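See below for the structure under consideration.
Values in this text are rule-based calculations from the coordinates and carry no lab data. All of these numbers come straight from a predicted model, not from anything done at the bench. Here the Cβ positions follow ideal geometry from the backbone for every residue, glycine too, while neighbour counts run over all protein chains shown.
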Amino acid sequence: MCMRHRSIESKLKLFTTALSEGLVSPLELKMEEWKKVASQLDKDHAKEYKKARADIKKKSSDTIKLQKKVKKGKSQ
């Protein structure tokens, strides 16, 4: 029975080592790259959002100005 336990133990160690080297280590290496990409995407999104918001504000204020002009034109 003890030999069987050792055999299972050695196979489990082999399996965990293979899993660690084949899956965990490569993911850890990719983690830095993913963080950089996510950070860059975040910055780009913030920039585009800010620009879109400014465009909407400008168009909204232009619309209000034009509406006021139309009201003035109707009253005269």
Query raised in the report: Are there any pairs, at least 6 apart or on different chains, whose C-beta atoms fall under 6 Å, with the first in region 1-20 and without any contact (Cβ under 8 Å) to a residue 60 or more places away in the chain and the second surrounded by 10 or more Cβ atoms within 10 Å (Cβ to Cβ) and of a type in the set (S, T, N, Q), and if so, which?
Result: none
Query raised in the report: Given Lys11, Lys74, Lys35, Lys47, which one is at negative phi, surrounded by 10 or more Cβ atoms within 10 Å (Cβ to Cβ), over 18 Å from the mean Cα position of the chain (by Cα) and assigned to a helix (DSSP H, G or I)?
Result: Lys11
Requested in this report: Could you give me the residue pairs with C-beta distances under 8 Å whose first residue belongs to region 53-76 and is in contact (Cβ under 8 Å) with a residue 60 or more places away in the chain, whose second residue is part of a helix (DSSP H, G or I) and not hydrophobic (A, V, I, L, M, F, W, C) wherever it lies, and which are 6+ apart or on separate chains?
Outcome: none
